[in-house]
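The values are calculated or read from the model by the stated rules, or taken from the named source; none is laboratory data. It should be emphasised that the depicted structure is a prediction, and the values quoted were computed from it without experimental measurement. Counting neighbours? That spans all protein chains shown, and the Cβs are built from the backbone with ideal geometry, glycine included.
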Amino acid sequence: MKRLLIFSVAIAGLLSLSFVPSGKRILKDVLPEPQTTQNVIILIIDGPRMTETFSDPSGQFIPHLKNDLKPQGVLFTNFKNNGVTTTNSGHAAITTGTYQRIKNDGTELPKYPSIFQYYLKESKKSKDKAWIVASKGKLNVLSNAQKKGWANCFMPSDYCGPQGNGADYAGDITTWVKVMDVLNNEQPNLMLINLLEVDTQAHGGSWEKYLQAIRNTDDYAFKLWNYLQTNEHYMGNTTLIITNDHGRHLDGRRTGYKEHGDGCAGCRDIYMLALGPDFYQDKVITEEYEQLDISVLVADLLKFDMPTSKGRKIEGLFRKE
Ligand SMILES: [Zn+2]
Ligand SMILES: [Zn+2]
């Protein structure tokens, strides 16, 4: 309500400004367009190194991200996981806006509430309007929080792992069927998707399979964006954020690309590509931002407050500010 009031006052001010007869400006040029985003989808591609994605000048393993999606959005090339560089901690940093070392086996909930819980509480929407669909079963911890007053409250829908039972890992092909099912039938306003193949192939120790997994997830990202641009419910009003939970060790560091989890530059360096009707297009931001800042961005887009987030507002992303 407070935001609405401020917005109305701002509009009134601009309206009066636009009727000053001396200027040639027309109303259309002066009025800020109201924010258009109604839906936010976060695609987390699990664990590629920047050296095989956007730090590779050829972009050979991410043709769609580099050539099709980057020109339509804002790419952050100095984006960091500044916390624990494991799957559950990395994802929880994105969803809660706080860094916390949580167990990586799915037995420990994040301490603080997530974007999903804040969104469902504020919007009073039913739980089918916020979804987590993950290839890794252990990521069902993202739907809940330890904090008093939030534990078991305002939890989103989730489908994590095979059968969606929060156990084991499912291939991304299976996950994708569920992603499409949820988008088509539930039409969530807020959704997080985790694809695991890059991470699991790298842990498996095959360089070729790791690279192929990066190509495969590049395809999924492109498919998702195209779906959002053509689906009647999502077209023109949906923001897509594509990012990673962590990178991997640099060459020469421990086991190199096969593992991750420490503070080396390879593990910390990730990307974020933000696409949507409210953002600039074909822009690169080289200033450092980090995973925590995604929660602030989502809260801004979907209009809720997130007092427990330690993220900061990203500058230079919105076209109208
Ligand atoms: Zn891993
Ligand atoms: Zn490392």
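Let's see how each residue does on (1) within 13 Å of ligand 2 (Cβ to nearest atom); (2) at pLDDT 95 or above; (3) surrounded by 20 or more Cβ atoms within 10 Å (Cβ to Cβ); (4) in a helix (DSSP H, G or I):
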{"site": "Asn216", "(1), (2), (3), (4)": "no, yes, no, yes"}
{"site": "Tyr220", "(1), (2), (3), (4)": "no, yes, yes, yes"}
{"site": "Leu228", "(1), (2), (3), (4)": "no, yes, yes, yes"}
{"site": "Ile241", "(1), (2), (3), (4)": "no, yes, yes, no"}
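In this structure, Tyr210 does not satisfy being in contact with a Phe, Trp or Tyr (Cβ under 9 Å, 6 or more places away or on another chain), away from ligand 1 (no atom under 16 Å from the Cβ) and either not in a strand (DSSP E or B) or not β-branched (Val, Ile, Thr) (or both).
Selection over region 126-171 of residues that are under 20 Å from the mean Cα position of the chain (by Cα) and not in a loop (DSSP other than H, G, I, E, B) gives a count of 20. Scanning region 276-321 for residues that are among the aliphatic types (A, V, I, L, M) and closer than 25 Å to Pro113 by Cα turns up Leu292, Ile294, Val296, Leu297, Val298, Ala299, Leu301, Leu302, Met306, Ile314. For Val198, the requirement of being within 16 Å of ligand 2 (Cβ to nearest atom) and either of a type in the set (Lys, Arg) or at pLDDT 95 or above (or both) is met.
For region 172-183, the criterion of being within 16 Å of ligand 1 (Cβ to nearest atom), aliphatic (A, V, I, L, M), assigned to a helix (DSSP H, G or I) and under 26 Å from Lys66 (Cβ atoms) is met by none of the residues. The condition (being out of contact with any helix residue (DSSP H, G or I) (no Cβ under 7 Å at 6 or more places or on another chain) and in the same structural domain as Tyr119 (by TED's automatic domain parsing)) is satisfied by just one residue among Leu297, Leu250, Leu275: Leu297. Only residues that are buried (at least 19 other Cβ atoms within 10 Å of the Cβ) and more than 15 Å from ligand 1 (Cβ to nearest atom) were counted across region 59-82, and they come to 13. Selection of region 254-263 for residues being near ligand 2 (Cβ under 7 Å from one of its atoms) and surrounded by 16 or more Cβ atoms within 10 Å (Cβ to Cβ) yields His260, Gly261. For Phe79, state whether it is in a loop (DSSP other than H, G, I, E, B) and under 27 Å from Tyr227 (Cα atoms). Against the criterion (in a loop (DSSP other than H, G, I, E, B) and under 27 Å from Tyr227 (Cα atoms)), Phe79 does not qualify. Scanning region 232-269 for residues that are within 12 Å of ligand 1 (Cβ to nearest atom), under 30 Å from Glu186 (Cα atoms) and acidic (Asp, Glu) yields a single hit, Asp245. If Thr286 passes every condition in (1) closer than 30 Å to Leu250 by Cβ; (2) assigned by TED's automatic domain parsing to the domain that holds Thr239; (3) under 16 Å from the mean Cα position of the chain (by Cα) but one, which one does it miss? The single condition Thr286 does not satisfy is (3).
Gly261 falls short on exactly one of the conditions (1) in a loop (DSSP other than H, G, I, E, B); (2) closer than 14 Å to Asn39 by Cα; (3) touching a residue at least 24 places away in the same chain (Cβ under 8 Å), and that condition is (2). What number of residues in region 70-127 are in contact with a strand residue (DSSP E or B) (Cβ under 9 Å, 6 or more places away or on another chain), touching a residue at least 60 places away in the same chain (Cβ under 8 Å) and among the hydrophobic types (A, V, I, L, M, F, W, C)? Qualifying residue count, region 70-127: 8. Pairs linking a residue in region 196-210 that is within 16 Å of Thr51 (Cα to Cα) to a residue that is of a type in the set (Ser, Thr, Tyr), with Cβ atoms under 8 Å and 6 or more positions apart or on different chains, are Val198/Tyr210; Val198/Thr217; Asp199/Thr87; Ala202/Tyr210; Ala202/Tyr257; Trp207/Tyr257; Tyr210/Tyr257.
Being on the phi < 0 side of the Ramachandran plot, part of a loop (DSSP other than H, G, I, E, B) and either of a type in the set (Val, Ile, Thr) or touching a strand residue (DSSP E or B) at 6+ places or on another chain (Cβ under 8 Å) (or both) is true of Pro277.
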